[in-house]
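I have placed the structure first, in the form of structure tokens, so that the comments after it can refer back to it.
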Amino acid sequence: MPKTAKNEPNEQINKLAQLLNRSKRNVQGYIQNFWGPCLKFLHNANILDVGCGPGATTFSAAIWGAKQVIGLEPQAAGSSQGSQTTFNKIKNELKLHQCKLEPIDFLKYNPDNPFDIVLFYDSINHIRETTADIRYDTAARQEQKQIIAHVRQVTATNGWVIMCDCSRKNFFGDFGIPSPVMPTINWKTHQCAAAWRSLLQEEGFGNLSINWRVPPRIKWAKPILDNAFVNYLTFSHFILRAQKLP
Ligand SMILES: C[S@@+](CC[C@H](N)C(=O)[O-])C[C@H]1O[C@@H](n2cnc3c(N)ncnc32)[C@H](O)[C@@H]1O
């Protein structure tokens with residue numbers, strides 16, 4: 001891991017976890033899973049973190065070497081109260097001044113320069129929430145396609161978009177039973193990973209890959225959990241990465 005601040009990255013991640021009220025294993029594990037093979041692109045990168053909330057991914061990107069990270073947080077659908085305040089507190093305590101919060105709706109954000117990496121950590125399904133299934137509803141699909149068209153505009157050529165969120169398809173959701181592992185998710189306001197993948201392909205993204213949630217405490221179970229079927233029975237939480245092709 002590259003050094004970017006006065007403290008070692010490990011110590012910074014420790015402090016970030018404390019400030020977010022989460023365990024270090026939780027922050028490091030989930031976020032490392034999120035970056036996956038894109039971790040190596042963080043050094044010196046310009047990053048946009050859409051719907052950044054209190055900034056777990058924003059600050060971890062900076063700790064792992066990003067040059068500039070813009071976090072968009074309008075405190076809109078799916079937000080938790082006070083996330084902007086927490087963001088600014090963490091920024092000051094960790095002295096990560098390369099991170100900046102913009103309280104702007106993603107579709108109204110028109111940066112001067114495109115970003116090397118654009119992130120949606122549990123935010124892609126909230127930008128314009130719909131309960132329609134965009135695999136079958138043409139009007140709703142068209143609306144969500146505008147989000148991906150805007151992702152294309154703000155991503156540099158050969159840059160990456162990384163998104164994770166719950167899918168619409170889940171065993172418990174499909175049978176109307178509360179999920180023991182994802183009790184607060186409204187599955188109907190989420191879209192399937194395959195639906196986002198197809199929109200990304202239509203907008204000229206390639207080199208797509210999908211991973212599925214593996215909780216850090218049982219990372220030894222990755223060969224069993226990291227697939228669509230087992231995740232359908234558990235978390236239904238995907239990580240989708242794609243590169244903007246020239
Ligand atoms: C479930 S939260 C995830 C927050 C954060 N990424 C995290 O993992 O802690 C979804 C976030 O998306 C943000 N959001 C919703 N609509 C948005 C929009 N149109 N533009 C930017 N952010 C948006 C919400 O304010 C909320 O903070």
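Results, tabulated for the structure shown:
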item	result
Single condition ALA62 does not satisfy, out of (1) open to solvent by 10 Å² or more (accessible area, probe 1.4 Å); (2) over 12 Å from ILE117 (Cα atoms); (3) part of a helix (DSSP H, G or I)	(1)
Selection status of ASP122, on the phi > 0 side of the Ramachandran plot and modelled with pLDDT of 95 or more	yes
Residue in segment 73-91 that is of a type in the set (Val, Ile, Thr), in a strand (DSSP E or B) and in contact with a helix residue (DSSP H, G or I) (Cβ under 7 Å, 6 or more places away or on another chain) present	no
Subset of segment 91-105 [loosely packed, with under 15 Cβ neighbours inside 10 Å and among the polar types (S, T, N, Q)]	ASN92
Near pairs, Cβ below 6 angstrom, 6+ apart or cross-chain, from segment 114-129 (near the ligand (Cβ under 9 Å from one of its atoms)) to any residue that is small (Gly, Ala, Ser)	SER123/GLY51; HIS126/ALA77; HIS126/GLY78; GLU129/ALA77
Residue, farthest from VAL154 (Cα to Cα), within segment 13-45, restricted to residues that are outside any helix (DSSP H, G or I) and more than 12 Å from the ligand (Cβ to nearest atom)	SER23
Condition check for LEU48: part of a helix (DSSP H, G or I), at pLDDT 95 or above and closer than 26 Å to ARG152 by Cα	no
Lone unmet requirement of (1) part of a helix (DSSP H, G or I); (2) open to solvent by less than 80 Å² (accessible area, probe 1.4 Å); (3) in contact with a Leu (Cβ under 7 Å, 6 or more places away or on another chain) for ALA194	(3)
Filter result for THR57 (near the ligand (Cβ under 7 Å from one of its atoms), closer than 28 Å to THR184 by Cβ, outside any loop (DSSP other than H, G, I, E, B) and hydroxyl-bearing (Ser, Thr, Tyr))	yes
Those residues of segment 120-139 which are within 26 Å of SER80 (Cβ to Cβ) and surrounded by fewer than 21 Cβ atoms within 10 Å (Cβ to Cβ), in sequence order	ASP122, HIS126, ARG128, GLU129, THR130, THR131, ALA132
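The values are calculated or read from the model by the stated rules, or taken from the named source; none is laboratory data. Being a predicted model, the structure only gives us computed values, none of them experimental. FYI the Cβ positions are ideal-geometry reconstructions off the backbone, even for glycines, and counts take in every protein chain you see. SASA here: full protein model, heavy atoms, side chains in, ligands and nucleic acids out. Shrake-Rupley method; radii C 1.70, N 1.55, O 1.52, S 1.80 Å.
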